[in-house]
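Take a look at the structure below.
Values in this text are rule-based calculations from the coordinates and carry no lab data. Remember, predicted model here, so these are calculated numbers, not experimental data. Here the Cβ is made from the backbone with ideal geometry for all residues, glycine too, and neighbour counts use every protein chain on show.
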Amino acid sequence: MTTGSELLELSPVLPVVVLDDAEHAVPVARALHAGGIGVVELTLRTPAALESIRRVAAEVPEVVVGAGTVTRPEHARQAAGAGARFLVTPGVTDAVLDAAFDTGLPFLPGAATVSEAMRLAERGLDALKFFPAEASGGAAALRAIAGPLPGLRFCPTGGITPASAPEYLRLANVGCVGGSWLTPKDALAARDFGRVETLAKEAAALER
């Protein structure tokens, strides 16, 4: 995988995972893989995030592990050093964008408006994260964006559920959706990784 566009093709759902305990990282990655999903975005929202990325990269190489919530330039460098194979940002600044490019990793930069999407397209990017999806107009907004910006494809994330995911996946400019529902907090707390595998199987079966 060398581009953001290829990242969009890995799975109909890109699991967006927040881990408070790095001990959960490998079991979660293995459960997702067993359910048919070979990619995971581990968000940099907790102190356990970078260690979680290191463990998945080292112990579950069959899963493409990436870093989400990249909001500062050092996040991009730290994630790359931990073994992340892609980056995801909720939005962009010039400094974050430059740092992401400097890593050489594929990345999905966040955009919520047409102007933001156009600016990223000017930098040569054609695969973006649409965030926060539901709060920014949802599938209807992406359907409208497709007209003036036909060269862009998106991974909408934020507020998407198993019920709403199919509407997004039917859109020509959507490659996958980001979903946090695959790793419920109560399942992780109980170490119920079988439930994660079941949710992954359901997500992997979604049509696009």
Item to check | Rounded, prolate or oblate (a/c below 1.5 giving rounded, otherwise prolate when a/b exceeds b/c) for region 4-204 by Cα gyration tensor | outcome: oblate
Checklist outcome for this item: HN-Hα couplings for region 98-109 via Karplus (6.51, -1.76, 1.60; θ = phi - 60°), in whole Hz with x for Gly/Pro, come out as 4, 5, 5, 4, 4, 6, x, 7, x, 8, 10, x
Checklist outcome for this item: Correct response: the longest run of the chain lacking exposed GluC sites (Glu not before Pro), defined by DSSP loop and at most 11 other Cβ within 10 Å, is 63-206
Checklist outcome for this item: Amide H neighbours of VAL39 at under 5 Å, excluding residues fewer than 5 places away on the same chain, with H built from the backbone geometry, are VAL64
Checklist entry - Taking 0.36 nm per residue of separation and subtracting the Cα-Cα distance, what length does fully extending GLU116 through ALA189 add? => result 22.5 nm
Next on the checklist: If I model a spin label as a point 7 Å beyond the Cα along the Cα-Cβ vector, how far apart are those points for ALA144 and ALA172 in nm?
Outcome noted: 1.9
Checklist outcome for this item: HN-Hα couplings for region 196-203 via Karplus (6.51, -1.76, 1.60; θ = phi - 60°), in whole Hz with x for Gly/Pro, come out as 4, 4, 4, 5, 5, 4, 5, 5
Checklist outcome for this item: Residues whose built amide H sits under 5 Å from the amide H of GLY179, excluding neighbours closer than 5 in sequence, are LEU14, VAL16
Checklist outcome for this item: The simple spin-label model distance between ASP98 and ALA135, using points 7 Å out along Cα→Cβ, in nm, is 2.8
Next on the checklist: Give me a comma-separated list of calculated 3J(HN,Hα) values for region 150-156, in order, Karplus coefficients 6.51, -1.76, 1.60 applied at θ = phi - 60°, integers in Hz, x for any Gly or Pro.
Outcome noted: x, x, 9, 10, 10, 10, x
Item to check | Ellipticity estimate at 222 nm from DSSP helix runs (n ≥ 4, -39,500 (n - 2.57)) divided over the chain, nearest 500 | outcome: -11000 deg cm²/dmol
Checklist outcome for this item: For the chain, the dipole about the Cα centre with charges only on Cβ (Lys and Arg +1, Asp and Glu -1), to the nearest 20 debye, works out at 160
Item to check | the chain: most fluctuating residue of THR198, THR183, THR43 per GNM, C-alpha cutoff 10 Å | outcome: THR198
